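Visitor: The structure that follows is given in the form of structure tokens.
Laboratory data are not the source of any read-out in this text; all were calculated from the coordinates shown. Predicted, not measured: the structure shown is a model, and the values here were computed from it. Methodologically, a virtual Cβ is constructed for each residue, glycine included, from the backbone with ideal geometry; neighbour enumeration extends over all protein chains shown.
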Amino acid sequence: MSMACYYLAAAAGLVLLLLLHAPLTDAQPLPWHRCNISSGNYTENSTYHANIRYLATSLPAYAASSRSLFVSSSGTPPDGIYALALCRGDTSVSSCASCVAAAIQSAQQHCPLIKTVTVYDDPCILRFSNEAFPISPPYTKGLFIAWNDRNVSAAATPAFEAAVLRLGNATADYASTDSVRRFATGEVGFGDDVTYPRIFSLAQCTPDMTATECRSCLGEIITRMIPQYFVGRLGGRVFGVRCNFRFETYPFIFGQTMLQLPVPSPSPAPPVTGALIFSL
Ligand SMILES: *[C@@H]1O[C@H](CO)[C@@H](O)[C@H](O)[C@H]1NC(C)=O
Ligand SMILES: *[C@@H]1O[C@H](CO)[C@@H](O)[C@H](O)[C@H]1NC(C)=O
Ligand SMILES: *[C@@H]1O[C@H](CO)[C@@H](O)[C@H](O)[C@H]1NC(C)=O
Ligand SMILES: *[C@@H]1O[C@H](CO)[C@@H](O)[C@H](O)[C@H]1NC(C)=O
Ligand SMILES: *[C@@H]1O[C@H](CO)[C@@H](O)[C@H](O)[C@H]1NC(C)=O
């Protein structure tokens with residue numbers, strides 16, 4: 001697996017490192033695009049092109065008006081198009097629709113005439129292709145991984161790492177059992193660290209996945225990507241078409257988090273081994 005690192009200015013204004021499998025030419029703000037060049041090209045004004053135009057007029061409203069903020073559609077070969085749009089579970093209907101509409105436009109600008117394109121933006125994910133996109137492992141294929149270049153202190157790193165993993169697992173559990181949106185947000189207190197007192201998380205799968213599929217998709221991210229890329233990092237995010245995960249030390253979530261983990265109890269005070277005898 002050959003990879004290249006790029007700096008990327010995220011919406012939050014922090015510098016992130018972006019790690020991905022497809023080369024980018026320059027520093028890239030969101031949205032991020034994956035143009036699958038080996039999927040082939042369509043020609044201008046072809047039936048396939050007309051199908052993309054149809055998606056542009058229909059998909060945003062379908063995704064936004066769906067209770068799951070998700071839509072997938074499939075056409076008939078040879079010119080049929082398979083499409084999928086998923087909005088963040090805490091996105092408003094209007095920003096869902098405008099994100100999906102913008103993603104379809106930017107897919108065509110960044111990957112002109114390419115048949116299979118994936119767009120990752122903050123409030124939505126879009127993919128269209130001439131091929132069906134089944135739910136199947138390994139879910140880590142074709143991920144975008146980005147992290148905050150700033151770190152917690154070396155001394156705090158092991159506890160921070162453990163807290164991110166614990167929060168990640170709990171958020172993944174919660175998201176996978178949400179039968180409508182397969183979405184969860186969470187937070188955990190990070191001991192008594194006053195610089196980064198809380199960690200916030202988000203996990204989501206496409207709602208056409210079963211609870212088991214969703215949990216294993218998120219499990220691949222959490223158990224493999226966190227230890228590999230996010231140790232000590234102040235934030236990280238993994239975008240996949242089937243599932244995605246993010247954590248930060250600031251509240252990037254709209255509204256209340258769905259899950260609040262208790263602060264881990266401090267290690268027990270050492271037992272009293274001596275005794276003081278007061279004599280007057
Ligand atoms: C890109 O397209 C080719 C041909 O359709 C397909 O075999 C391959 O799996 C696609 N790659 C990704 C990352 O979707
Ligand atoms: C595609 O259709 C548009 C609008 O009808 C037209 O302006 C354009 O020239 C066409 N492109 C090609 C390559 O035929
Ligand atoms: C497909 O389109 C891209 C531009 O999006 C272009 O660079 C490439 O040469 C085209 N490939 C073919 C086989 O026409
Ligand atoms: C954070 O830690 C990584 C790995 O130890 C290091 O490469 C990077 O320079 C650190 N970032 C900052 C801003 O010090
Ligand atoms: C997270 O879950 C994985 C299994 O999915 C488990 O191996 C790991 O110990 C858990 N970590 C924490 C900190 O709960």
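Visitor: If you keep only loop residues by DSSP, which trypsin sites (Lys or Arg not before Pro) in the stretch 44-91 have at most 16 other Cβ atoms within 10 Å of their Cβ? Each step should come with its number before you reach the end.
Guide: Working: sites: Arg53, Arg67, Arg88; in loops: Arg67, Arg88.
Hits after loop and neighbour filter: Arg67.
Visitor: Can you figure out the FRET efficiency of Arg53 with Thr76, using R₀ = 25 Å and their beta-carbon distance, to the nearest 0.05?
Guide: That gives a FRET efficiency of 0.90.
Visitor: Next question, about the same structure. What's the percent breakdown of Cα-Cα distances in the stretch 186-243 across 5 Å bins, shortest bin first?
Guide: 4, 16, 23, 23, 17, 11, 5, 2, 0
Visitor: Obtain the nm distance between the two label points defined at Ala155 and Thr177 by a simple spin-label model: each point lies 7 Å from its Cα along the Cα-to-C-beta direction.
Guide: 3.8 nm
Visitor: Just the Kirkwood number for the stretch 20-129, please: inverse of mean 1/r across all distinct Cα pairs, in Å, one decimal.
Guide: Final number for the Kirkwood radius of the stretch 20-129 is 14.0 Å.
Visitor: Okay, next question. For a protection proxy built on the mean count of beta-carbon atoms within 10 angstrom, sort 100-112, 144-156, 120-132, 250-262 highest first, please. Walk me through the intermediate numbers first.
Guide: Working: 100-112: 18.6, 144-156: 16.6, 120-132: 21.3, 250-262: 14.6.
Highest to lowest by the protection proxy: 120-132, 100-112, 144-156, 250-262.
Visitor: Let me ask another. Based on Cα coordinates alone, diagonalise the gyration tensor for the stretch 144-261, multiply each eigenvalue by 5, take square roots, and list the semi-axes in whole Å, largest first.
Guide: On the way: eigenvalues 108, 44, 25 Å².
Taking √(5λ) for each Cα gyration eigenvalue gives 23, 15, 11 Å.
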